[in-house]
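Notes follow the structure.
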Amino acid sequence: MPGAAYCDSGFFLDRLTGIGEELVFRSLDFPGDELFKGRAGCLYALLFVQRKLGDDTINKDLVIKVWNH
């Protein structure tokens, strides 16, 4: 089945946290509103997943880093 690799929620959690880490790492490279929109969307996704799947799903330090950058 071609989409079988995408059925694992761990795959999506890894992608989401990777996006958050990349956003924090490269935050100074994005000017103006694009940084805010990207950061706000990523923060929303992290908090949404954390709320739906439990507090231990998303690293709280990553949420704080995205919030602060």
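Observations on the model:
- FRET efficiency estimate (nearest 0.05) - Cβ-Cβ, residue 26 to residue 60, R0 22 angstrom: 0.55
- Projecting label points 7 angstrom from Cα along Cα→Cβ for residue 12 and residue 69 puts them 2.4 nm apart.
Any read-out appearing in this document is the output of simple, stated calculations on the displayed coordinates, not a laboratory observation. If you're wondering where the values come from, they're calculated on a predicted model, not measured in any experiment. Cβ sites come from the backbone with ideal geometry, for glycine too, and all protein chains shown count toward neighbours.
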